[in-house]
Protein chains: 2
Amino acid sequence: MTKRNLYLNTTPVDEALNIYMEEVKKVMDVKYEQIPVVDGLHRVTKEAVYAKYCSPLFNASAMDGIAVIAERTYGATEVNPVELIEGEDFVVVDTGDPIRHPFNAVIMAEDIMETESGKVRILCSANPWQHIRPIGEDIVAGEMILPSSHKIRPIDIGVLLSAGILDLNVVKRAEVAIFPTGTEIIEPSSVPQEGDIIESNSRMFENMVTVLGGMAHRFPTIEDDYDKIKSKISEAVDLYDVIIVNAGSSAGREDYTVDILRELGQVIVHGVAIKPGKPVILAIVKGKPVIGLPGYPVSAYIGFENFVKPVLAMLNETGGGSRSVIEAVISKRLVSSLKHKEYVRVKVGQVEGKVVAAPLARGAGAAMSLVRADGFCVIEQNCEGIEAGETVKVELYKDREEIDNTLVLIGSHDLILDVMADMMPNLYRKKHVSSTHVGSMGGLMALKRKEAHMAPIHLLDEQTGEYNASYVRRLFKEPMALIKGVQRVQGLMVKKGNPLGIYSIEDLIGHRYVNRQRGAGTRILFDYKLKTLGIRPEDISGYDREATTHMALAALIQSDSADAGLGIQSAAKAMGLDFVEIGVEEYDFAIPVKYLDLPLVETFMAILKSDEWKRRLEELGGYACEQSGTYYLL
Amino acid sequence: MTKRNLYLNTTPVDEALNIYMEEVKKVMDVKYEQIPVVDGLHRVTKEAVYAKYCSPLFNASAMDGIAVIAERTYGATEVNPVELIEGEDFVVVDTGDPIRHPFNAVIMAEDIMETESGKVRILCSANPWQHIRPIGEDIVAGEMILPSSHKIRPIDIGVLLSAGILDLNVVKRAEVAIFPTGTEIIEPSSVPQEGDIIESNSRMFENMVTVLGGMAHRFPTIEDDYDKIKSKISEAVDLYDVIIVNAGSSAGREDYTVDILRELGQVIVHGVAIKPGKPVILAIVKGKPVIGLPGYPVSAYIGFENFVKPVLAMLNETGGGSRSVIEAVISKRLVSSLKHKEYVRVKVGQVEGKVVAAPLARGAGAAMSLVRADGFCVIEQNCEGIEAGETVKVELYKDREEIDNTLVLIGSHDLILDVMADMMPNLYRKKHVSSTHVGSMGGLMALKRKEAHMAPIHLLDEQTGEYNASYVRRLFKEPMALIKGVQRVQGLMVKKGNPLGIYSIEDLIGHRYVNRQRGAGTRILFDYKLKTLGIRPEDISGYDREATTHMALAALIQSDSADAGLGIQSAAKAMGLDFVEIGVEEYDFAIPVKYLDLPLVETFMAILKSDEWKRRLEELGGYACEQSGTYYLL
C-alpha cells in the first residue's frame, strides 16, 4: 500500500478565505484595458467617465411646431389673435430641430392656425424659452456620467455615446485556466466503462467563470502523473491570472496536487472546515492564485463559490453577485458537526404565507440536489445542528416570485410527479410544482405541519384493504380531501429475462433484495405481503438495504448490485427490467379542503384531467387514470 | 408648411399590449434548435431532458480506504481485532473507485492499521454497503434532469454531461433587426454639428436585446426617405423575427414609418397612453412584428420595455426578467394626467428604515435620469397624481442591499458630490452615495421629513453674514450638526475672454442672465447682492430663466444662449468660461446628530479628510477645504 497523507488541516472557512485573500492581494492587482463603448455591456468602469459633448448639443425644439421670437407674440388672445409671417416672425420646426438666435420659444403645431401660405395666427402669447430643450439639459459636457467601478448597462451605453464617449477604460476580465486531472476521467463524448468518471466539473467551472465576468480557458484532462501536472501548472501561471486544478486536491494515493503546489510555490491553506468541500487547496504560484478543488460535483461547486468566486470578484470588480436571502422554517432536524460549516441544499416552498425549507440529499456526490435546490442554508461551524421548525436564513437561487407561485408536494415518490413538474410551467407560465420525496407517512406529517399544499400518498389499510382515506381521516382533525391520482401497478423488478426465476414474494428468499426506506408506501405494502405470507423480515436478505426512489432501486437491480425489489412498473420499464405484478394500488393526493380553491391547486387538477396527461402516462406504462383530477371530501 | 398628421390614438398601455400580443401570437411561434450542451449557458430547454447514464455509473467507494466483504469483518472489536489479507479479504480503493462483487463495504483509511505488507487489522466490523455510493445514487438513467422551459445554469451543464447528454433542444434566439432612421442622425464617431443628433438608441436596443436572450442585428441609419425605409423594412421581415424602427414613429413632417407600415402590412396600434413614450407603432408585416419606437432616449427605453420586451419574452421564453418591487414613500408631489400611464424615474434611499423615492427629471429627453435612477414608479392612467408622503411601488434596477448601503444626500448641487459618489464605492466596496439636487432649502425640508441623511447647503444669513448654522438652528428642534464641506468661490460665469465686459453684478443690466431655481443657495446669494446694490429683479433680463445645476447654467453661457450667470468656479473651469469672483461661501452638510455615528457617515467624513479628496478638489479648482470632514454641534 502506498503511503497516504491522511490528515488535512481544517481551517475555518472565513479564516481560510481571509488568509488567502490577503496573500492574493499582495501579488495580484486589478488590470484594466481600453475597449470600444459599444462592446461595454456588463464590463466595469475603471474610473469616472465625464461627458465630452452636451446633450442636447444645442437649444432644440421639444415639440413639432414653430419657433418664434417670444416678444413678438405678446398680447395674443382669443379675441385679439396675432399673425406671424414665416421667415420673419417664425420658422417651422420639428422635435429636435435647433433653435437659433433670434428665435427663443416654440409654439406647438396644435396651437397654431395657418391663415394663408406662410402666415399663421396664434391665440396665446409664448413665454421665452417655452418648449425648448436648452443645450445640456440632459448631459453637460464635463459632467460625470458614470462613477468608477460601475457595471455597464444598455442605457449607459446609449448615454455614453450621446455624450461623445467612444472608448472606455474597463476592468480586464480575469483569465482563468481550468485543468481537469485524473486517469479515471473521460470526456463526456466517450462511452463510459466501469470505473470511468465523466468529466463535467470543468464545464461547470467554465460557465461559472463566465457568469462572474471572467474569461475561462478549459484544458484537456491531465492524467494522474506528477510531472505532467506540474509542467502544466508551471506553464499556466505565466499565461493566466487564476488557475483551477480539479480533483487531486484530497490526500489520496494519487492526489499529487498539493505536493506539486508546495514544490512550485506556496500552499496557503490545505483543507477547510466546510461540508461538502473540505479538501480545498489555496496556493500562490509565481504570483498567481492556484486553487485545487475537490472532484465531487457538490464539493467542487461549493469550493468554487467560497474560494474562486471571491478571487474573481476582486479581479473583475464584480462584487461577487450576492444572492437574495430569505428566512424560512426548516422542515426537518439537521444534525451537523462542530468540525465544519455545512451547506445544506433545500427546496423552498410557501404555504399559507409560511416559507418552508426542506433539506435535500446532503452527499457531496449528489449533484442533482444542486439542480433541484431552490437555495441553500448554512449551518455554521460552531453549531451542532438545527431543530425542525427553527427559522433559518436561505440563500435563494430563484426569484421569490417563483417560490410564491410553486405548488409544494411532499410525500411518496412517483415518476408522474416529474411529468407534472414539467407540464405545469410549460402549460401555465410562471406556475411551478416542487416535490420532495420522504414517503407517504412523511408527506402526511409535513402536511400537518403546513409545510406542503398536498401529500402524494399510497397507504394500504390492512384492515379494510382500502387505500389512503383511512390514514388521512385518522391523522387530521381539519376537513380534508383526496384528489384522485392514478392506479399504479406495483410488482417485483427483476433483471431482464428473469434469470433467477423470481415470480413471487416467496421466491425472494435466498436472493439479494433491496427495500425502500421506512415510511414509504411501497415498504408498507411489502411488509403487509410478508405478514400475510408469514415470512419474517430477517428471512429476506437485504431487507435493511434501502433505496429512496423507485428509479434508484431499479438502477441497483439493473447493475446486478441486487436481484430484486418491489416498485412501480414505469420504473422497471424505464430501466429495461422485467416486472412481476403484485397488485394495483391507489396513488392519490391528500389535501386540506381549504387549499382546494387555490389557483395552483385548480391548475394541478386541470392538468390531471387533461388528455396530454393521459398520453404522457401511457408512455410511462403501468398506470390507469380514469378518475385523475377529481376529488372527494373525507 | 407640409401637412401633419397631428393626432395619434392613445390606447391604454395594457390594452395596446394585449391586442398586439394576440396578433403576434397568431403569426409567430417559438422556434427551437439543437445545440451542444457545452454551449447551453442561459439557453432555455425545449422539452424535459432525461438522463442517459446513471451517476455514479457503478457502485463506487465514497472514501479512500479498503473495500471488504462485510461478512468477513463481523465480530471485530478493539480487544478482538480481525486481520484481513489483501487480494483475498480486501482491495485498496480510492474515493470513486468501483466496488466489484464480492466486495460490499468500504472501511476508511483512518480506521485500518497496516500490520505487515498486504495485511491490515480492523477494530470494528463493517456494515454491508457502508461508504459505498450505489449506482444511480445521484442520477438514475431515464430520470428527468431538467423540465421544459428551464433556463440553463452552470450546474445544469455539469449534471447534463454527467448523465451522458451531449446535445440539447433549446429555444432559438429571436433575431432582431434594428433600424435607426433620420437625416439629422449621425454616427457616434462623427463630430456633431448644430442640428445633428448622435445615434445612440440603436446601441441601447442592441444591448437590451442581448440581455433578453435575443440576437441583435443593428443596421446603419436610414435617412428620412419613404422608399428607402420601405425597402429596408420589406427586406428585413423576410430575414428576421422582430424589426425595430427607431424614430419616425411620431406624426411629424418626416415621420413616415406609420404610413410605410400601413402600406406593407397592418398597423395594430399607433400611439399609446404612456409617458414618456406615447408615439409607439405596433405593426405586423408579413407575419413579423415590426415596432416603431420614439426617438427620445427615455421614450425609446420605456417603449422597448413595454412592447419589445414582451415580444422577446414570448419568443425567447425568458419570462421577461421581472424586477424586484419595493414599497417606498414618495418625497414630493407628482401631478400626472388621466390621459396616460406615467413612468417616473426615482432615486431610492433608506433613512431610519423608511424607504424613500425621490423623483428625477421627467422629460423624455432626460436620458441621464435613467442612468441615475434606482428604479421607477408608475402612475396609473386613471390616477391624477400622488401626494408627497404617499406609499408607492417602485420597480428597482438595483439590489435592495445597495439601496440599504447608500448615504442619501438631498440639497444643493456641487460638482464635489459627483467626486464623492465616485470615491465612496471605489474606496469602500459596497458603500454608495446618492445625491439629489433640489437646492439648499429643499434639502433641509427633505432632511426634516427624514428623506435624507444629510443636506448639502450654502445659505447666507443676511443679518449676520454667517453661513448655514442659523438656518439649521431655526428649522430643526432635534440636535443637529454641521459637517464642514468646502469653501467655494462663487462668481459670474461669462464667455471666454469676457467679450461683453461683465465685471460686476451691475454690469449684468442689458445682458442675458440665467438664474438658478428657487430655493438654490446661489439664487439667495444673487438676491442678496441685488438687494444690497438696490437693483430690482425686473431690471435683470432673464431673471426668470432657470437652470438647475451649475453645469447646466455654464453650458447655456458657453453655447451663447445666455451671457452670464452666477455659479461656482469649478463649473466655469470645466466649461472653459471666464469667471468673475463675487465671494467665497461655505458649502456644508447639515445632519441630525443621531446620524453622526452611522458607518456610512463615518466613511463620508473619512473621505472628506483624505489627501485624495484634497487632490481631486484642486483638480476641479475654486475650492478650499482645510476643515473638510470635521463637524460641530449646533
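The values are calculated or read from the model by the stated rules, or taken from the named source; none is laboratory data. Only a predicted model underlies this, so the values are computations on that prediction, with no experimental measurement involved. Note that each Cβ is placed from the backbone with ideal geometry, even for glycine, and that neighbours are counted across all protein chains shown. When the accessible area is computed, the model is the full protein with side chains, heavy atoms only, and any ligands, DNA or RNA have been set aside. Shrake-Rupley method; radii C 1.70, N 1.55, O 1.52, S 1.80 Å.
Take A:Gly576, move 7 Å from Cα toward the beta carbon, and the resulting point lies 7.8 nm from the same point in each other copy, nearest first.
For peptide A:360-367, what's the mean number of Cβ atoms from other chains within 10 Å of each residue's Cβ? Before the final figure, lay out each step's value.
Numbers: counts 0, 2, 0, 4, 3, 10, 5, 10.
Per residue, the average neighbour count from other chains is 4.
The relative contact order of the stretch B:512-634 comes to 23 percent, based on Cα pairs under 8 Å that sit 6 or more residues apart. In chain A, the beta carbon lying closest to the axis that superposes A onto B belongs to the residue given here with its whole-angstrom distance, A:Ser324, 4.
May I ask for the net charge around B:Gly519, where only other residues with Cβ less than 13 Å from the Cβ of B:Gly519 are counted and Lys, Arg are +1 while Asp, Glu are -1?
Local net charge: +2.
Sorted shortest first, the separations between the A:Asp527 label point and its copies elsewhere in the assembly read 8.6 nm; each point sits 7 Å from Cα along the Cα-to-Cβ line.
With θ taken as phi - 60° and the Karplus curve 6.51 cos²θ - 1.76 cosθ + 1.60 applied, the whole-hertz 3J(HN,Hα) list for the stretch B:73-82 is 9, 4, x, 5, 9, 4, 7, 10, x, 10 Hz, x standing for glycine and proline. Across the cross-link table entries A:Lys25/A:Lys275; B:Lys339/B:Lys448; A:Lys450/B:Lys347; B:Lys278/B:Lys347; A:Lys398/A:Lys448, which are compared at the Cα atoms, the separations over 31 Å belong to B:Lys339/B:Lys448; A:Lys450/B:Lys347. Take each residue in A:399-408, count the other chain C-beta atoms within 10 Å of its C-beta, and the mean is 1. For the stretch B:54-107, the spread of Cα positions along the three principal axes, ordered from largest to smallest, is 41, 18, 16 Å.
Over what distance in Å are the Cα centres of the stretch A:52-129 and the stretch A:370-428 separated? A separation of 63 Å, based on Cα centres.
Considering only DSSP states other than H, G, I, E and B, which chymotrypsin sites (Phe, Trp or Tyr not before Pro) in the stretch B:62-103 qualify as loop sites with at most 15 other Cβ atoms within 10 Å?
Passing sites in the stretch B:62-103 are B:Tyr74.
Prolate is the label for the stretch A:105-219, because a/c, from the alpha-carbon gyration tensor with a ≥ b ≥ c as root eigenvalues, is 1.5 or above and a/b exceeds b/c. Just the protein heavy atoms count here, and of the accessible area of the stretch B:1-105 at 1.4 Å, carbon and sulfur take up 49 percent.
Order B:229-240, B:255-266 from most to least packed using the mean count of other Cβ atoms within 10 Å. Intermediate values should be presented prior to the final figure.
Working: B:229-240: 17.3, B:255-266: 20.1.
Result, highest mean Cβ count within 10 Å first: B:255-266, B:229-240.
Does chain B come out rounded, prolate or oblate by the C-alpha gyration tensor, with a ≥ b ≥ c the root eigenvalues, rounded set by a/c under 1.5 and, if not, prolate when a/b is larger than b/c and oblate if not? Oblate shape, in that a/c is at least 1.5 and b/c is the bigger or equal ratio. Label 7 Å along Cα→Cβ of B:Asp544; the stretch A:64-103 residues with amide nitrogen under 15 Å? In the stretch A:64-103, the label zone of B:Asp544 (backbone N under 15 Å from the point 7 Å along Cα→Cβ) covers A:70-76. Highest mean packing comes first when the peptides B:491-498, A:454-461 are listed by Cβ atoms within 10 Å, giving A:454-461, B:491-498.
Between the helical axis of B:599-609 and the longest alpha-carbon principal axis of chain B there is an angle of about 60 degrees. Less than 5 angstrom separates the built amide H of B:Val272 from those of B:Thr11, B:Val280, all sequence-distant by 5 or more or on a different chain.
When the charge dipole of chain A is built from unit charges on Cβ atoms (+1 for Lys and Arg, -1 for Asp and Glu) and taken about the Cα centre, the candidate among A:Pro192, A:Asn306, A:Ile457 whose Cα reaches farthest toward its positive end is A:Ile457.
Annotation note: GluC sites (Glu not before Pro) in the stretch B:363-416 located in DSSP loop regions with a Cβ neighbour count of at most 12 within 10 Å are B:Glu384, B:Glu387, B:Glu390. Applying the Karplus relation 6.51 cos²θ - 1.76 cosθ + 1.60 with θ = phi - 60° to the stretch B:93-99 yields 3J(HN,Hα) values of 10, 9, 3, x, 5, x, 9 Hz, where x marks Gly and Pro. For a modelled paramagnetic label at B:Glu352, 7 Å from Cα along Cα-to-Cβ, the residues of the stretch B:442-462 in reach, with backbone nitrogen under 16 Å, are B:444-455. Residues in the stretch A:554-565 carry Karplus couplings, in order, of 4, 5, 5, 6, 4, 8, 6, 8, 7, 9, 7, x Hz; the curve used is 6.51 cos²θ - 1.76 cosθ + 1.60 with θ = phi - 60°, and Gly or Pro positions show x. Over all other residues within a Cβ to Cβ distance under 14 Å of A:Leu459, the charged ones net out to -2, with Lys and Arg as +1 and Asp and Glu as -1. Going 7 Å from the Cα of A:Tyr428 toward and past its Cβ, which residues in the stretch A:394-409 have a backbone nitrogen under 17 Å from where you end up? Output list for this probe position: A:401-409. Label-point spacing at B:Glu626 relative to the other copies reads 9.9 nm, in ascending order, each point sitting 7 Å out from Cα along Cα→Cβ. Between B:Ile35, B:Gln569, A:Ala361, the Cα set farthest toward the positive side of the dipole of the protein assembly as shown (charges on each charged residue's Cβ, about the Cα centre) is that of A:Ala361.
The angle between the Cα long axis of helix B:226-239 and the main principal axis of chain B comes to about 10°, on a 0 to 90 degree scale. The distance linking the stretch B:164-182 with the stretch B:326-346 is 36 Å (Cα centroid to Cα centroid, whole angstrom). Three principal axis extents of the protein assembly as shown based on alpha-carbon atoms, in descending order, are 113, 64, 57 Å. Within the straight-line cut-off of under 17 Å between alpha carbons, the lysines reachable from A:Lys119 are B:Lys3, sequence neighbours fewer than 8 places apart in one chain being disregarded.
Using R0 = 22 Å, the C-beta based FRET efficiency linking B:Glu263 and A:Met113 works out to 0.10.
Given H placed 1.01 Å from N in the peptide plane, which residues other than close sequence neighbours of B:Asp374 have an amide H under 5 Å from its amide H? So B:Asp374 has HN proximity to B:Val346, B:Lys347, B:Val348. Note on B:Tyr226 and A:Asp39: with the Förster distance fixed at 51 Å, the Cβ-Cβ geometry gives a FRET efficiency of about 0.90. Think of each Lys and Arg Cβ as +1 and each Asp and Glu Cβ as -1; about the Cα centre, that makes the dipole of the stretch B:453-596 roughly 420 debye. Give the calculated FRET efficiency between B:Asp461 and B:Asp399 to the nearest 0.05, with a Förster radius of 60 Å applied to their Cβ-Cβ distance. Efficiency, rounded to the nearest 0.05: 0.90.
Only Lys, Arg, Asp and Glu carry charge here, each on its Cβ (+1 for the first two, -1 for the last two); on that basis chain B has a dipole of about 2200 debye about its Cα centre.
Note on B:His217 and A:His511: the model spin-label points, each 7 Å out from Cα along the C-beta direction, lie 6.2 nm apart. Once you reduce the stretch A:268-291 and the stretch A:554-621 to the center of their Cα atoms, the two points are 45 Å from each other.
Is the stretch A:484-566 rounded, prolate or oblate when judged by the Cα gyration tensor, a ≥ b ≥ c being the square roots of its eigenvalues, rounded requiring a/c under 1.5 and prolate requiring a/b larger than b/c? List each step's numbers first, then the result.
On the way: a/c = 1.37, a/b = 1.08, b/c = 1.27.
The shape class here is rounded.
Between B:Glu380 and B:Ser470, 0.36 nm times their residue separation minus their Cα-Cα distance comes to what? Fully extending the segment from B:Glu380 to B:Ser470 adds 28.2 nm.
Place the peptides A:296-303, B:606-613 in order of packing, highest mean first, counting for every residue the other Cβ atoms within 10 Å and averaging per peptide. Walk me through the intermediate numbers first.
Numbers: A:296-303: 27.0, B:606-613: 16.0.
Listed from highest to lowest mean packing, they are A:296-303, B:606-613.
A helix-only calculation puts chain A at -7500 deg cm²/dmol for mean residue ellipticity at 222 nm, using -39500 (n - 2.57) for each DSSP H run of at least four residues, averaged over all residues.
Ranked by accessible surface with a 1.4 Å probe, highest first, in what order do B:Arg523, B:Arg323 come? Kindly include the intermediate steps, with their values, before the conclusion.
Values: B:Arg523 15, B:Arg323 60 Å².
Listed by decreasing accessible area, they come as B:Arg323, B:Arg523.
Scanning residues 5 or more positions from B:Ser149 or on other chains, those with amide H under 5 Å from its amide H are B:Thr45, B:Lys46, B:Glu47, with H placed 1.01 Å from N in the peptide plane. Shielding of peptide B:370-379 by partners, expressed as the average count of other chain Cβ atoms within 10 Å per residue Cβ, is 2. Relative contact order for chain A: 11 percent, from Cα pairs under 8 Å spaced at least 6 residues apart, divided by residue count.
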